[in-house]
Amino acid sequence: WEGLSPGELCRALLDKSKNGNKDLKGIVDHMTRDELVAWSWAPGIDADGRARETAPIAKPEFDRIVHAWAESGAKCPE
């Protein structure tokens, strides 16, 4: 997902050929409930014993934004 613009990332998330054939509900469930996604908020330490960087937003706020995005029609920026 690195290197994609916000619009490109959004369109990729909604593209069933790129998202594991998920519909919008499946995308929301994945983004808000999947353990792999949640790992971003508790990534532990790397092989050198350094703490990995966490997601730049609190998990409850992320979940709120994901739900709001879906409920408002999951529109993508240009």
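Computed from the coordinates by the stated procedures, all read-outs in this text should not be read as laboratory data. As the structure is a prediction and not an experimental result, all values here were calculated from the model. Cβ: placed from backbone, ideal geometry, glycine included. Neighbour counts: every protein chain shown.
Which one of these is exposed (fewer than 13 other Cβ atoms within 10 Å of the Cβ) and free of Cβ contacts under 8 Å to residues at least 60 places away in the same chain: GLY7, GLY26, GLY3?
Result: GLY3 is the single residue among GLY7, GLY26, GLY3 that is exposed (fewer than 13 other Cβ atoms within 10 Å of the Cβ) and free of Cβ contacts under 8 Å to residues at least 60 places away in the same chain.
If you filter segment 55-73 down to residues that are under 13 Å from the mean Cα position of the chain (by Cα) and part of a loop (DSSP other than H, G, I, E, B), you find that the one that is surrounded by the most Cβ atoms within 10 Å (Cβ to Cβ) is ALA55. The requirement of being loosely packed, with under 13 Cβ neighbours inside 10 Å and touching a Cys at 6+ places or on another chain (Cβ under 8 Å) is satisfied by PRO77. Here ALA47, ALA51, ALA42, ALA38 are screened, and the one residue that is over 17 Å from ALA74 (Cα atoms) and surrounded by 12 or more Cβ atoms within 10 Å (Cβ to Cβ) is ALA38.
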